[in-house]
Amino acid sequence: MLELMTQRLVLRPLRLSDSVAVFEYRSNPDVSRFQVWEPQDVQEVRSFIAGLLDVEPDMTGTWYQLAITLRETGELVGDCGRHFPTERQGQAEVGITLAPAHQGKGYATEALERVLEYLFGDLDKHRVYATVDPRNAPSIALLERVGMRREGHLRESVWVRGEWADDVIYAMLEKEWMSHRPSE
């Protein structure tokens, strides 16, 4: 079972018991505003998590979400997804979502840095990228804080909530991570 630790966090597979908490923050309009997935009810989240139970966490062609929990209490504060596209060997896509009550505390930075360390170190990925709505300033700041650089801006490339939205691509190469990564 994949479990990643940081000073304050444990990143672990989502559990069915996380469904209500995930629904609460993922369905919050302030959180879901810039995301493609906005679950309609707790059952949709349960079905999503149940679908992950049979997936290998690092299998090519899959998205896999890790719960972000507080190390001291086990409280779920968000989730972090990793995607290994079939057509892009040696690459991974990441995404991260935090509950509003836990934003602004450095958890997203800490979690994403640990995931990058895992992807570049343990899985020997060459490039990691993320896509973000250009109106999502906090997410852009997070990606830049962990050392990712802006690679491109795709105009009206994603259909979200009844309208076309832009998508900005951020990425980092393994050699860039090696020079940027936080000291242990």
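The values are calculated or read from the model by the stated rules, or taken from the named source; none is laboratory data. Not measured: the values here are computed from a predicted model. Note that we place each Cβ from the backbone using ideal geometry, even for glycine, and neighbour counts take in every protein chain shown. Remember, those area values only see protein heavy atoms, side chains included, never the ligands or the DNA or RNA. Shrake-Rupley method; radii C 1.70, N 1.55, O 1.52, S 1.80 Å.
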Residue within region 70-80 that is of a type in the set (A, V, I, L, M) and in contact with a His (Cβ under 6 Å, 6 or more places away or on another chain) present: yes
Might you check whether a residue that is out of contact with any Leu (no Cβ under 9 Å at 6 or more places or on another chain) and among the aromatic types (Phe, Trp, Tyr) occurs anywhere in region 96-117? no
Please go through region 151-160 and pick out each residue that is open to solvent by 30 Å² or more (accessible area, probe 1.4 Å) and either more than 19 Å from Gln35 (Cα to Cα) or of a type in the set (Val, Ile, Thr) (or both). Glu151, Val158
Looking at this structure, is Val42 more than 21 Å from Val158 (Cα to Cα) and out of contact with any His (no Cβ under 9 Å at 6 or more places or on another chain)? yes
